[in-house]
Amino acid sequence: MELRPQFEKAAEDVMKLSERPSNETLLALYALYKQSTDGDVSGKRPGLMDLKGRKKYDAWAEKKGMSKQAAMKEYVAVVNSLLT
């Protein structure tokens, strides 16, 4: 199976998980998804009062330089590990 359909299926499957993943896992999934779809982080880092936005921005920024393909592969792997 090609990577794009696997990625899209994983994105659907993650919404159907029976248990909510940890915040750390959710941040990792967010960062990998954004890197897969948008590439490197862009825009300004959210301000001090937006803690959630800062964490999401920082998680995505950690993936800077990772190719979209590599991010998709890692995203699929993380989702698959949550499904088992």
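Tabulated values for the structure
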read-out: Test: residue in region 39-57 that is surrounded by fewer than 14 Cβ atoms within 10 Å (Cβ to Cβ) and within 20 Å of F7 (Cα to Cα); value: yes
read-out: E19, sole failed condition from (1) within 14 Å of the chain's Cα centre (by Cα); (2) surrounded by fewer than 16 Cβ atoms within 10 Å (Cβ to Cβ); value: (1)
read-out: Any helices (runs of 4 or more DSSP H) falling wholly within the chain and containing at least 2 residues that are among the acidic types (D, E); value: 3-14, 23-38
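Each value in this text was obtained by applying a stated rule to the coordinates, not by laboratory testing. None of the values given here were measured: they were computed from a predicted structure. Don't worry about glycine lacking a Cβ; one is built from the backbone with ideal geometry, like all the others, and counts go over all protein chains shown.
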